[in-house]
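K.L.:
Can you keep this structure in mind? I'll have questions shortly.
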Amino acid sequence: MTALVPYEQALEAYEPVIGLEVHVELGTNSKMFCGCPTEFGAEPNTQVCPTCLGLPGSLPVANKKAIESIIRLGLALNCSIAPWCRFARKNYFYPDMPKDFQISQYDEPICVEGYLDVEVEGKTYRIGIERVHLEEDTGKSLHVGGATGRIHGASHSLVDYNRAGIPLVEVVTKPVPGTGALAPEVAKAYVTELRDICKTLGISDVKMEQGSLRCDANVSIAPRGATEWGTRSETKNVNSLRSVERAVRHEISRQAGVLDAGGRVVQETRHFQEDSGTTVSGRSKETAEDYRYFPEPDLVPLAPSADWIEELRAALPELPTARRRRLQGDWDLTDLDMEALINAGALDSVEETVAAGASAEAARKWWLGEIARRANEDGVEVSALPITPADVAAVVALVDAGSLNDKLARQVIEGVLAGEGTPEQVVASRGLAVVSDTGALGTAVDAAIAANEGIAEKIRGGKVQAVGALVGAVMKETRGQADAATVKALILEKLGVSE
Amino acid sequence: MAITRDEVAHLARLARLDLDEAELAQMAGQLDAILGAVARVSEVASDDVPPTSHAVPLTNVLREDVVAPCLTPEQALSGAPAAQDGRFRVPRILGEEP
């Protein structure tokens, strides 16, 4: 194996071009061409029927909701919707389809020529969408007898066809040049944006960990200044947003290593290895004509009317870009602030926290501060942490009411994250509350003045800024549970000094 | 244009058909005759006749997204040559390529 070239070094010599193929499993109740349910995780072969098993005499009929879903996605991706198109039969012998073919679309995809704008580091990249087509998902195979479930070396395989026939949308980008060193980030931003659009449209649950959103990343590199693009590899098995970024980054370094050593990049399918962050060569693909595509004879053509398309367009929800623009305006944030929120995956959380009564500023502070730090440490999304927007809004309310100061509020957040209950419960169980009882504070202030008579004298003499030391002493005495401004006012009052 | 022996061998491999040399030659001859017969269609088809894939003039035959009853796993697996753990058991997948 050729050595990897460090990423920065690879980018000095080469220019990457990326392309992404994303598969989205639609969240319909029934399958694409039959009435079998689509529940994830059901017992094997309990969601199958003669149609999705390809038994003789069965006939497929297309699911209207799936057709609507893909048209809505196409519209959201600024595509043209074909006035007439057909399904195609893709023939191959691989037991993940019981029919020995997959119903897909070939040269007549239902949506073509769109684009999606994504923002990375304050710059907008327009990702061209080549096509969006509809097909049926395949079954799942367990490979037995080889090392750790790998297909290589397996003695036989066991197939579950529950997934076979679930509607699957494939979104294919045009090649994306010009992203330079940001290629991995742009790839990740694109998949994230596409995921958010699908979620907003309600057409899929887009759970990468359950395989309802799957990504293949195509990468090629060419020497800087070259007029032709390099040979691309297609990396499969990219199963998280972070993996999208890592896979593209790794392929750039790997291909640079191959070219630097005087080799040639092979056009091939590669598989991303989650544990090592590398890619390994996969099986060589049959060429397109080897699939012997032909128009699916069992399904009549689709011809969505202009009226139907316009009806679907009119009913589109507010899409993520428009929503972000609106929220940014409402919250009065700069582009960079907004990007930080989005990158932290905290947009929904902040919006819900604001809806629960917190100010945008306070909500943003907690989600981007304490909570994002914790999510980062744990390597999870903020939304996966055991703290809800309602919890954060409750903490903010306690701060606003003067019952907590920032320092105590942090401890409350920490307690909620540690599973100690709601903010109110954490406050009670940890005994966290600002000491606002002036009697108790007065005693602490008297003690601080008595113990620091020299400083007190300076303050009486007009050096008001020295009060900080006394405030610090009181805060220490009350273990941080006092409100600093109240303490300061009280000290000055006792010393007979006005600010 | 005659279909070659190699083209037939390629098709046979894609269709997972094990043909010997005599069969390849025989198939090449037969396929050639079929292709010749079909080619006559293009002699009479003019530009204003689009290629037809479906004999019925229907479009948008769709069903509502409603769940219908499935087979039981026993029924589903009853026609399988081999089954194991509620799944279809198939011979090794890799290694069959020549």
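The values are calculated or read from the model by the stated rules, or taken from the named source; none is laboratory data. Because the structure is predicted, anything quoted here is derived from the model rather than measured. Here Cβ is always computed from backbone atoms with ideal geometry, including for glycine, and neighbour counts include all displayed protein chains. For accessibility, only protein heavy atoms count, side chains too; no ligands or nucleic acids. Shrake-Rupley method; radii C 1.70, N 1.55, O 1.52, S 1.80 Å.
K.L.:
With each pseudo-label sitting 7 Å past Cα toward Cβ, what's the residue A:321-residue A:207 distance in nm, one decimal?
P.N.:
Using points 7 Å along Cα→Cβ, the separation is 3.0 nm.
K.L.:
Now, a different point. Rounded, prolate or oblate: which one fits segment A:1-157, using the alpha carbon gyration tensor with axes a ≥ b ≥ c (rounded when a/c is under 1.5, else prolate when a/b beats b/c, else oblate)?
P.N.:
oblate
K.L.:
With a 1.4 Å probe and every protein chain left in place, work out the accessible area per residue of the protein assembly as shown in Å², rounded to a whole number. The partial results should precede the final answer.
P.N.:
Details: 29590 Å² over 597 residues.
Per-residue value: 50 Å².
K.L.:
Length gain on complete extension for the stretch residue A:273 to residue A:335, per 0.36 nm per residue less the alpha carbon to alpha carbon distance?
P.N.:
18.8 nm
K.L.:
For a Förster distance of 35 Å, can you work out the FRET efficiency between the beta-carbons of residue B:17 and residue A:152, rounded to the nearest 0.05?
P.N.:
Calculated transfer efficiency: 0.85.
K.L.:
Under the rule of at least 5 residues apart or a separate chain, name every residue whose amide H is placed under 5 Å from the amide H of residue A:294.
P.N.:
Here A:89 satisfy the definition.
K.L.:
Something else now. Which shape class, rounded, prolate or oblate, goes with segment A:64-173 when its Cα gyration tensor gives a ≥ b ≥ c as root eigenvalues, a/c under 1.5 marks rounded, and past that a/b bigger than b/c marks prolate? Don't jump to the answer; show the numbers that get you there.
P.N.:
Values: a/c = 2.96, a/b = 1.65, b/c = 1.79.
Oblate is the answer for segment A:64-173, as a/c is 1.5 or above yet b/c matches or exceeds a/b.
K.L.:
If you consider only alpha-carbon coordinates, what radius of gyration and Dmax does segment B:5-44 have, in Å?
P.N.:
Taking only Cα atoms of segment B:5-44, I get Rg and Dmax of 11.8, 37 Å.
K.L.:
Can I ask one more? Report the accessible surface area buried between chains B and A, summing both sides, using a 1.4 Å probe on protein heavy atoms only, in Å² rounded to the nearest 100.
P.N.:
Roughly 3800 Å² of accessible surface disappears when B and A pair.
K.L.:
Restricting attention to chain A, give the cysteines that have no other cysteine Cβ less than 4.7 angstrom from their Cβ.
P.N.:
Cysteines of chain A left without a disulfide-compatible partner: A:34, A:36, A:49, A:52, A:85, A:198, A:215.
K.L.:
Ok, one more. Can you tell me the FRET efficiency between residue A:200 and residue A:458 if r is taken as the Cβ-Cβ distance and R0 is 60 Å, rounded to the nearest 0.05?
P.N.:
It comes to 0.45.
K.L.:
Residue by residue through segment A:76-85, what is 3J(HN,Hα) from phi via Karplus (6.51 cos²θ - 1.76 cosθ + 1.60, θ = phi - 60°)? Round to whole Hz and write x for glycine and proline.
P.N.:
The phi angles translate into 5, 9, 6, 8, 8, 9, 5, x, 7, 7 Hz.
K.L.:
On each of the three principal axes of the Cα atoms of chain B, give max minus min coordinate, whole Å, ordered largest first.
P.N.:
Extents along the principal axes, in whole Å: 53, 43, 19.
K.L.:
Relative contact order (percent) for segment A:1-121, with alpha-carbon contacts under 8 angstrom and 6 or more residues of separation?
P.N.:
19
K.L.:
Set the bar at 31 Å for Cα to Cα. Now go through A:65/A:123; A:65/A:207; A:90/A:123; A:199/A:365; A:31/A:123 and name every pair that lies beyond it.
P.N.:
In this structure, A:65/A:123; A:90/A:123; A:31/A:123 lie more than 31 Å apart at Cα.
K.L.:
Tally up the carbon and sulfur contribution to the accessible surface of chain A as a whole percent, 1.4 Å probe, everything protein left in place.
P.N.:
Working: 11170 of 22310 Å².
Carbon plus sulfur share of accessible area: 50 percent.
K.L.:
Once you average over the residues of A:150-158, how many Cβ atoms of partner chains fall within 10 Å of each Cβ?
P.N.:
5
K.L.:
Evaluate 2.2 N^0.38 Å with N set to the residue count of the protein assembly as shown, then give the Cα radius of gyration divided by it. Show your work: numbers first, answer last.
P.N.:
Details: Rg = 32.2 Å, N = 597, 2.2 N^0.38 = 25.0 Å.
Dividing the Cα radius of gyration by 2.2 N^0.38 Å gives 1.29.
K.L.:
Calculate, for residue B:60 and residue B:26, the FRET efficiency according to 1/(1 + (r/R0)^6) with r their C-beta to C-beta distance and R0 41 Å; round to the nearest 0.05.
P.N.:
0.40
K.L.:
Once the piece of chain linking residue A:313 and residue A:140 is laid out straight, how much longer is it, given 0.36 nm per residue of separation minus the C-alpha distance between them?
P.N.:
Difference between extended and current length: 58.8 nm.
K.L.:
From the C-alpha gyration tensor of segment A:438-495, pull out the three semi-axes of the equivalent ellipsoid (sqrt of 5λ each), sorted largest to smallest, in whole Å.
P.N.:
Numbers: eigenvalues 58, 22, 20 Å².
Three semi-axes, in Å: 17, 11, 10.
K.L.:
Would you kindly give the portion of the calculated P(r) for segment A:340-465 that falls above 20 Å, as a percent of all Cα pairs?
P.N.:
Pairs farther apart than 20 Å: 52 percent.
K.L.:
Applying the Karplus parametrisation 6.51 cos²θ - 1.76 cosθ + 1.60 with θ = phi - 60° to the phi angles of segment B:42-51, what ³J(HN,Hα) value in whole Hz is obtained for each residue in order, glycine and proline being reported as x?
P.N.:
Here the 3J(HN,Hα) series is 5, 5, 9, 6, 9, 5, 7, 10, x, x Hz.
K.L.:
Let me ask something else about it. Give me, ordered by chain and number, the residues 5 or more places off residue A:14 or on other chains with an amide H under 5 Å from its own placed amide H.
P.N.:
Sorted by chain and number, the residues that satisfy this are A:224.
K.L.:
Label segment A:329-409 by shape, choosing from rounded, prolate and oblate, from the square roots a ≥ b ≥ c of the eigenvalues of the Cα gyration tensor; if a/c is under 1.5 it is rounded, and otherwise prolate applies when a/b is larger than b/c, oblate when it is not.
P.N.:
oblate
K.L.:
A follow-up question, please. What nm distance separates the two modelled labels at residue A:305 and residue A:3, each placed 7 Å from Cα along Cα→Cβ?
P.N.:
6.7
K.L.:
Excluding residue A:360 itself, what net charge comes from residues whose Cβ is under 13 Å from its Cβ, given Lys and Arg +1 and Asp and Glu -1?
P.N.:
-3
K.L.:
Another question about this same structure. Given a cut-off of under 8 Å on Cα pairs at least six residues apart, what relative contact order in percent is computed for chain A? Don't jump to the answer; show the numbers that get you there.
P.N.:
On the way: 897 pairs, mean separation 71.5, N = 499.
So the answer I get is 14 percent.
K.L.:
Between the DSSP loop rule and a limit of at most 12 other Cβ atoms within 10 Å, which chymotrypsin sites (Phe, Trp or Tyr not before Pro) in segment A:65-153 are left?
P.N.:
Sparse-neighbourhood loop chymotrypsin sites (Phe, Trp or Tyr not before Pro): A:84.
K.L.:
Each residue of segment A:178-189 in order: what ³J(HN,Hα) in whole Hz does its phi give by Karplus 6.51 cos²θ - 1.76 cosθ + 1.60, θ = phi - 60°, with x for Gly and Pro?
P.N.:
Values, residue by residue: x, 8, x, 5, 8, 3, x, 5, 5, 4, 5, 5 Hz.
K.L.:
Using only Cα atoms, tell me the angle between helix A:484-494 and the longest principal axis of chain A; keep it within 0 to 90° and round to the nearest 10.
P.N.:
Approximately 10 degrees, to the nearest ten.
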